[in-house]
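All remarks here apply to the structure that follows.
The values are calculated or read from the model by the stated rules, or taken from the named source; none is laboratory data. All figures in this text were calculated on a predicted structure; none of them were measured in a lab. Here the Cβ positions follow ideal geometry from the backbone for every residue, glycine too, while neighbour counts run over all protein chains shown.
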Amino acid sequence: MNTFKTALLMTALTLFLLFLGERFGGRNGLVLAFIFAAGTNFFSYFFSDKLALAMYRAQPVTREELPRVYQVVERLTQRVGLPMPKIYVIPTDSPNAFATGRNPKHASVAVTQGILNLLNDDELEGVLAHELGHVRNRDILTSSIVATLAGAITMLARMGYWASLFGGYGDSRDRERNGGGLGALFMLILAPIAATLIQLAISRSREYEADATGAHITGNPYALASALEKLEAYSRRLPMAASPSNAHLFIVQPLMSARDFANLFSTHPPIAKRVERLIGRPSIYGVQDK
């Protein structure tokens with residue numbers, strides 16, 4: 001199912017890129033957009049995980065450097081029959097984590113230094129089980145591709161906007177038909193919204209599924225619920241700068257710049273709803289602030 005979803009997603013976003021190219025540059029823009037889309041699809045399939053890791057300066061760590069995480073991940077992967085993923089640490093005090101890769105054999109799990117300092121062993125196990133849930137459910141490829149293509153859509157829209165201001169790629173009739181700078185400005189706003197709505201549709205369901213899978217793997221839904229509440233509270237105190245194009249990768253929503261229009265949309269379900277699905281009430285402590 002996730003393989004079909006990935007193929008459908010890549011096709012839909014490719015068509016959208018072609019639409020943007022034709023909208024901004026006519027026939028020449030359509031050709032350029034096709035080349036751009038083909039290259040982006042190839043890159044996103046094979047290298048989207050490396051791009052996400054590099055964006056947050058994630059560093060690979062060995063078993064000797066981080067035995068606490070390796071022991072947990074090795075135990076969990078053996079329990080569910082998954083290959084051992086590569087382990088990375090992101091040098092930030094903001095607590096968070098994500099998994100990426102094109103399949104379980106090429107998976108990576110990244111944790112921030114902040115999450116290692118914040119969570120106890122049971123809570124950390126719950127978070128790592130959640131990330132392995134993404135790997136087991138095979139939605140890491142879809143998530144990684146969305147991150148790359150959403151960024152590409154936004155970049156192409158901005159390129160088209162600036163091109164329209166300085167004459168565009170097509171002839172005068174193309175530019176007249178396209179509506180000039182006003183149409184380009186409209187697409188500059190529309191493209192990030194479209195990309196973010198796609199992220200939102202994918203991310204909300206997959207987070208619930210990964211929570212359920214992680215709780216099943218550990219047999220301890222309360223540990224994951226406690227971790228989610230801690231992560232939400234401390235992420236607000238120590239916000240992590242994240243790009244709207246890949247914020248959906250993280251276990252809890254990073255705080256994004258208010259200047260980004262995509263910040264109007266959340267790619268994650270509310271923590272209270274995730275906790276309620278895990279333990280039957282919206283807070284591990286039995287009290288939820290209004």
Report, by residue number, each residue of the stretch 100-127 that is buried (at least 23 other Cβ atoms within 10 Å of the Cβ) and free of Cβ contacts under 8 Å to residues at least 60 places away in the same chain. Gly101, Ala107, Val109, Ala110, Val111
Need the failing condition index for Asp93 against (1) within 18 Å of the chain's Cα centre (by Cα); (2) under 18 Å from Glu232 (Cβ atoms), just the number. (1)
Please tell me if Tyr88 is among the aromatic types (Phe, Trp, Tyr), at pLDDT 95 or above and under 18 Å from the mean Cα position of the chain (by Cα). yes
Quick check: anything in the stretch 15-28 of a type in the set (A, V, I, L, M), at pLDDT 75 or above, crowded, with 17+ Cβ neighbours inside 10 Å and assigned to a helix (DSSP H, G or I)? yes
Might you check whether a residue that is at pLDDT 95 or above and not in a helix (DSSP H, G or I) occurs anywhere in the stretch 214-225? yes
With the first residue restricted to the stretch 262-290 and required to be more than 25 Å from Ser243 (Cβ to Cβ) and of a type in the set (A, V, I, L, M), and the second required to be part of a loop (DSSP other than H, G, I, E, B) and modelled with pLDDT of 90 or more, Cβ contacts under 7 Å at 6 or more apart or on different chains are Ala272/Pro282; Ala272/Ser283; Val275/Pro282; Val275/Ser283
Identify, from the list Ala12, Ala52, Ala7, Ala37, the residue that is assigned to a helix (DSSP H, G or I), modelled with pLDDT of 80 or more and of a type in the set (A, V, I, L, M). Ala52
Failed item in (1) more than 22 Å from Glu64 (Cα to Cα); (2) within 19 Å of the chain's Cα centre (by Cα); (3) at pLDDT 70 or above; (4) among the β-branched types (Val, Ile, Thr), with Ile115 passing the rest: (1)
